[in-house]
Amino acid sequence: MNILITGCAGFIGSWVCQKLLENGHNVVGIDNFDPYYDKSIKQHNMKEFISDSNFSFSEVDITDIDSMDNIFRSYDVDVVVHLAAKAGVRNSGLYPLDYLKTNVFGTLCVLECMKKYGVKKIVFSSSSSVYGNCSAEKFTEDLINLKQLSVYAQTKKTAEDYIELYNRQYGINAICLRFFTVYGKRQRPDLAITKFTRQIRNGEILTMYGDGSSCRDYTHVEDISDGIVSAIYYDKTPYEIINLGSENPIKLKNLISELEMLIGKKANIKTEPVPDEDMLRTYADISKAKKLLNYIPKIKFQDGISKFIEDFND
């Protein structure tokens, strides 16, 4: 199978590339090395597979429709795994037009190329942030009247809606995967676990928003990438929204305590109010993923975070 992966040099994208290549697929990877974090980190993410004979890489921005057209014209793509996005919930409020351009217009560029070249399957990386501060105990995919809290979350929900439209109008089969707080080796430097680990090790001030009672459904990147691969193979229904999480929310204060124990140092904590765009909790219901994708998270949080600290390179 020939699989196009947008955002192939990112945290999740690099894991998916590696897994698909190990499974014998041909992978076409594109990335624009967005300056949100250092390009060298993304280049390092690809070092284990960049020379694989079944991997082709192009530095392409998904909002450049001519370059995207050239990619689709040059390769006989069977499936698109669309992971490229402008990342960062809090940052999105500062640069809303940039997020709209990449996350919505860029997705439309991908869909238009798929329509033009007859590519009939997309797996899209959505986000648990689309749920906002909903009152449900567990977040199920059928919840309605969701109120997103950030520009980033709104762009992800809008992209889902366009993908659903292209499914109805043009027969492009799609699975929108809502990821719940992904962590593990190669995690972005701005995300909590990486940032807290660096701050605790270096004796720097760690900012805890609120009283530490907020919680996240931390999910290991290996489980997420397994779920993505299963979604590529899934063919029973034309359009689905599916949560990928761990069903095990961890409180912020407990995350910090776990890191302190593993690192062997106390955190120098200061507290600040919770930003308006931050969700208070996430809790994935993954019964649909279990049923449709045979998705069973394998890596317990304590094991995953311990391995993360072992692998951490400041």
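Bear in mind these aren't lab numbers, they're just calculated from the coordinates by the rules spelled out. On a predicted model such as this, the values are computed, not experimentally measured, just so you know. FYI the Cβ positions are ideal-geometry reconstructions off the backbone, even for glycines, and counts take in every protein chain you see.
Karplus-based coupling profile of region 39-46, in residue order and whole Hz: 4, 4, 5, 5, 4, 5, 4, 8, with θ = phi - 60° in 6.51 cos²θ - 1.76 cosθ + 1.60 and x standing for Gly or Pro. Estimated at 0.36 nm per residue, the fully extended path between TYR170 and VAL274 surpasses their Cα-Cα distance by 33.2 nm. Placing pseudo-labels 7 Å out from each Cα toward the beta carbon at GLU112 and SER213 gives an inter-label distance of 4.9 nm. In the chain, a dipole from Cβ-located charges (positive for Lys and Arg, negative for Asp and Glu) runs towards its positive end, and of LEU83, GLY29, ILE200 it is ILE200 whose Cα lies farthest in that direction. Note on the chain: with charges restricted to the Cβ of Lys and Arg (+1) and Asp and Glu (-1), its dipole about the Cα centre is near 480 debye.
When only the Cβ of Lys, Arg, Asp and Glu is charged (+1, +1, -1, -1), the dipole of region 81-218 relative to its Cα centre reaches about 500 debye. Mean-square fluctuations from a GNM of the chain, with a 10 angstrom spring cutoff on Cα atoms, peak among LEU259, LEU108, LEU191 at LEU191. Among CYS134, CYS17, a tally of other beta-carbon atoms within 10 Å of each Cβ gives an order, fewest to most, of CYS134, CYS17. Between region 244-291 and region 1-78, the alpha-carbon centres lie 30 Å apart.
Report the trypsin sites (Lys or Arg not before Pro) located in region 163-263 that are in a DSSP loop and have at most 13 other Cβ atoms inside 10 Å of their Cβ, or state none.
Listed in order of number, the matching sites are LYS236.
Farthest toward the dipole's positive end in region 182-314, which of ASN294, SER257, PRO238, given Cβ charges of +1 (Lys, Arg) and -1 (Asp, Glu) about the Cα centre? Selected residue: SER257. Loop-located GluC sites (Glu not before Pro) in region 71-165 (DSSP state other than H, G, I, E, B) with a sparse environment of at most 13 neighbouring Cβ atoms within 10 Å: GLU137.
Relative to the longest principal axis of the Cα atoms of the chain, the long axis of helix 151-170 lies at roughly 30 degrees.
Each of TYR99, ILE71, SER53 was placed along the dipole of the chain (beta-carbon charges, centred on the mean Cα), and the one lying farthest toward the positive end is TYR99. How far is helix 65-74 tilted off the main Cα axis of the chain, in degrees rounded to 10, range 0 to 90? So the helix axis and the longest Cα principal axis differ by about 60 degrees. Compared with the alpha-carbon gap, the fully stretched path from TYR239 to TYR95 is longer by 48.7 nm at 0.36 nm per residue.
Between the Cα long axis of helix 252-263 and the first principal axis of the chain there is an angle of about 80°, rounded to the nearest 10. Each listed q (0.09, 0.10, 0.16, 0.19 Å⁻¹) maps to a log10 I(q)/I(0) for region 1-105 from the Debye sum over equal C-alpha point scatterers, namely -0.22, -0.27, -0.68, -0.94. For region 135-194 versus region 199-233, the inter-centroid distance based on Cα atoms is 16 Å. If I take all pairs of Cα atoms in region 160-211, what percentage of them are more than 12 Å from each other? So the portion of pairs separated by more than 12 Å is 74 percent. For trypsin sites (Lys or Arg not before Pro), the sites in region 1-81 that DSSP calls loop and that have at most 11 other Cβ atoms within 10 Å are LYS47. The dipole here belongs to region 92-153: it is taken about the Cα centre, uses +1 on the Cβ of Lys and Arg and -1 on the Cβ of Asp and Glu, and is about 300 debye.
If R₀ is 45 angstrom, what is the calculated FRET efficiency for the pair TYR75 and LEU191, using the beta carbon separation as r and rounding to 0.05? Numbers along the way, then the final one.
On the way: r = 31 Å, r/R0 = 0.70.
The computed FRET efficiency comes out at 0.90.
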